[in-house]
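Below is a structure I'd like to ask you about.
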Number of protein chains: 2
Amino acid sequence: MRIFVVVGHLATTSPDFSLEDIPGTSGRLDILCRCINSAFVLSHGIRRDVQVYLVLCGGPAQKIICLQGDRLRHLNPDERTTAALLKKALALEADRKFVRSTPGIFVRQGDLAGLLAALREEHPKLPLYYLKEEGADQRQAGIEEGIYVLGDHQGMTEEEEALLEGCKSQLISIGPLSLHADHCIILINNELDRMSVETGKQEP
Amino acid sequence: MRIFVVVGHLATTSPDFSLEDIPGTSGRLDILCRCINSAFVLSHGIRRDVQVYLVLCGGPAQKIICLQGDRLRHLNPDERTTAALLKKALALEADRKFVRSTPGIFVRQGDLAGLLAALREEHPKLPLYYLKEEGADQRQAGIEEGIYVLGDHQGMTEEEEALLEGCKSQLISIGPLSLHADHCIILINNELDRMSVETGKQEP
């Protein structure tokens, strides 16, 4: 199981953004749409063993959108239709428990701290990784299926970093240059695909 | 110098597509927009040593759009504004010589055969790679700065494959699973970034 947690520090929690100007009206939900594409989209299908959690911090009550590969439908690779799916999820009345929007997409109120606690309880054996430029190169670090936490274009706050440190997350990086979160997810997926083949979990 | 050539078999050569439905009205120009993002976008800037050539086959007279990193301006990471730049280029009267649209973006009439001939003449020392599932793994192949040719969601035609074979292109692949062209470009860029650091051409 691969779980990607992406924190959108400005990302809107309201459906009142324009699909005609996603970057300008949604607090950069476009970044999160590209992360969804990177996490799930294969040449001929969807990665079923992936989950994505988006933490939307750009509203008075933060929200979490969860996408589950094994149930996901209606996902196209382009940004706009993905943003339309998120818009639909954000239009739902959200409280502390996940409610289903479209197949495989769920939404609730919540923040990073609560999400990490819940994920660690649900998946106690999965390692937790935090993507950061100073981290160990993922090729050397020997990464495994696990929970991967990434920031958006703003990086993580000090508070979030302290939280991740408290969870004993392992710092990893994806190479010599600093890349956007969606590009990092492609590189992690590829590394894990290679690992799966090596360990015989997946046919090439 | 890294050159990415992406063939859009259905991609429109006309500016008459809708930014409100890029996948449905432009012959999947959305794929090419994502390739542009993958080729150029860094966390804090643009890759200046990259060129992208899009071969648009979805019109009576095929067109080529060239994007040059060292002169490129107005490029944002989202699909829609990239598509708007391509729309602008396609609105220009194009003949056999490149005309400039916006800074770093040029358009002309032409096809893959002519483009490859021109690129090989201009860059006789750059190796030519063709991305294909059956190719050698790029990590083992020891790839270098060069010309990388990729197909869109339809793959290459037999004619194009024969052409690439005639150019003595090297077949490479990016890992165990079949990925979209834009995801492949991320993986090639990362591999080349690592090579540059190893050979001391670039500071980490």
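The values are calculated or read from the model by the stated rules, or taken from the named source; none is laboratory data. Values in this document were obtained by computation on a predicted structure and should not be read as measured data. In this analysis, Cβ positions are derived from the backbone assuming ideal geometry, glycine residues included, and neighbour counts consider all displayed protein chains. Please note that ligands, DNA and RNA were not included when accessible areas were found on the heavy atoms of the full protein model with its side chains. Shrake-Rupley method; radii C 1.70, N 1.55, O 1.52, S 1.80 Å.
From the label point of B:Lys168, set 7 Å from Cα along Cα→Cβ, how far away are the matching label points in the other copies, in nm, ordered shortest to longest?
Inter-copy label distances (nm, one decimal, shortest first): 5.6.
Check each residue of the stretch B:166-188 and keep those whose accessible area, probe 1.4 Å, is at least 30 Å² smaller with all protein chains in place than in the chain alone; give them in order of residue number.
Going by heavy-atom accessible area, the residues of the stretch B:166-188 that drop by at least 30 Å² are B:Pro176, B:Leu177, B:Ser178, B:Leu179, B:His180, B:His183, B:Ile186, B:Leu187.
Just how far, in whole angstrom, is the stretch B:104-177 from the stretch A:120-140 if you go by their alpha carbon centroids?
Computed from Cα coordinates, the inter-centre distance equals 35 Å.
Dipole of the protein assembly as shown (Lys/Arg Cβ +1, Asp/Glu Cβ -1, origin at the Cα centre): which of A:Gln51, B:Thr199, B:Pro15 lies farthest to the positive side?
Result: B:Pro15.
Here is a follow-up. With labels modelled as points extended 7 Å from the Cα through the Cβ direction, what inter-label distance (nm, one decimal) is found for A:Lys88 paired with A:Glu159?
Placing both labels 7 Å beyond Cα along the Cβ direction yields 3.3 nm.
Would you please give the FRET efficiency between A:Ala118 and B:Glu20, computed as 1/(1 + (r/R0)^6) with r the Cβ-Cβ distance and R0 = 45 Å, to the nearest 0.05?
So the FRET efficiency works out to roughly 0.75.
If you plug each phi of the stretch B:66-75 into the Karplus form 6.51 cos²θ - 1.76 cosθ + 1.60 with θ = phi - 60°, what whole-Hz ³J(HN,Hα) values come out, in order, with x for Gly and Pro?
Each residue's phi maps through the Karplus curve to give 10, 10, 10, x, 6, 10, 5, 9, 6, 8 Hz.
Another question, if that's okay. Report, in debye and to the nearest 20, how large the dipole of the stretch A:81-171 comes out about its Cα centre when Lys and Arg carry +1 and Asp and Glu carry -1 on their Cβ.
Dipole size: approximately 600 debye.
Give the accessible surface of the protein assembly as shown per residue, rounded to a whole number of Å², with probe radius 1.4 Å and ligands, DNA and RNA excluded.
For the protein assembly as shown, the solvent-accessible area averages 42 Å² per residue.
Still on this model: What does the copy distance list look like for A:Gly155, label position 7 Å along Cα→Cβ, in nm and ordered from shortest?
Values, ascending and in nm: 4.5.
Considering amide H positions built from the backbone, and no H for Pro or chain starts, which residues 5 or more places from A:Val149, or on another chain, come under 5 Å of its amide H?
Correct list: A:Val5, A:Tyr129, A:Tyr130, A:Leu131.
To continue, here is another question. May I ask you to order A:147-154, B:59-66 by the average number of other C-beta atoms within 10 Å around their residues, highest value first?
A:147-154, B:59-66
Quick one: dipole size for the stretch B:2-198, taken about the Cα centre, charges +1 on Lys/Arg Cβ and -1 on Asp/Glu Cβ, in debye to the nearest 20.
With only Lys, Arg, Asp and Glu charged at Cβ, the dipole is about 760 debye.
Going from the alpha-carbon gyration tensor of the stretch A:114-204, what semi-axes, largest first and in whole Å, does one get by taking the root of 5 times each eigenvalue?
22, 18, 11
Show that you can apply the helix-only estimate: for chain A, add -39,500 (n - 2.57) for every DSSP H stretch of four or more residues, divide by all residues, and state [θ] at 222 nm to the nearest 500.
The per-residue figure over chain A is -10000 deg cm²/dmol.
Average the reciprocal distances over every distinct pair of alpha-carbons in the stretch B:1-83, invert the result, and give the Kirkwood radius in Å.
Taking the inverse mean of 1/r over all distinct Cα pairs, the stretch B:1-83 comes out at 13.0 Å.
Between B:Arg34, B:Arg120, B:Arg108, which gets the highest mean-square fluctuation from a Gaussian network model of chain B, Cα cutoff 10 Å?
B:Arg120
How big is the Cα convex hull of the stretch B:31-76 in projection, averaged over all directions, in nm²?
The Cα convex hull of the stretch B:31-76, projected and averaged over all directions, gives 3.5 nm².
Taking a label point 7 Å from Cα toward Cβ, how far is A:Pro124 from its twins in the other copies, in nm, shortest first?
6.8
Please give the total accessible area that chains A and B bury against each other, computed with a 1.4 Å probe and expressed in Å² to the nearest 100.
So the total buried area for this chain pair works out to about 3300 Å².
Related question: Could you tell me which of A:Pro77, A:Leu32, A:Ala162 has its Cα farthest along the dipole of chain A towards the positive end, charges placed at Cβ (Lys, Arg +1; Asp, Glu -1), taken about the Cα centre?
Toward the positive end, the furthest listed residue is A:Pro77.
Using DSSP to call loops (not H, G, I, E or B), can you name the chymotrypsin sites (Phe, Trp or Tyr not before Pro) in the stretch B:34-114 whose Cβ has at most 12 other Cβ atoms within 10 angstrom?
Listed in order of number, the matching sites amount to none.
Could I ask something else about it? Summarise the accessible area of the stretch A:2-197 (1.4 Å probe, protein heavy atoms) by the percent that is carbon and sulfur.
With neighbouring chains kept in place, the figure for the stretch A:2-197 is 49 percent.
Over the Cα atoms of the stretch B:2-198, each weighted equally, I'd like the Debye log10 I(q)/I(0) at q = 0.11, 0.14, 0.18 Å⁻¹, rounded to two decimals.
-0.45, -0.75, -1.31
Here's another thing I want to ask about it. Would you mind checking which residues have amide H under 5 Å from B:Leu42's amide H? H placed 1.01 Å from N; only 5 or more apart, or other chain.
Distant-sequence amide H within range of B:Leu42: B:Arg47.
Which residue, A:Val41, A:Val107, A:Val149, has the largest displacement toward the positive end of the dipole of the protein assembly as shown when charges sit on each Cβ (Lys, Arg +1; Asp, Glu -1)?
A:Val107
Now, a different point. If you count, for every residue in A:32-42, the Cβ atoms of partner chains within 10 Å of its Cβ, what is the mean?
Across A:32-42, the average partner-chain Cβ count within 10 Å equals 3.
Can you list, bin by bin at 20 Å, the percent of alpha carbon pairs in the protein assembly as shown, starting at 0?
Bins of 20 Å from zero give 28, 58, 15, 0 percent of pairs.
Restricting the count to DSSP beta bridges whose residues both fall in the stretch A:2-197, what percent are antiparallel, rounded to a multiple of 5?
40 percent
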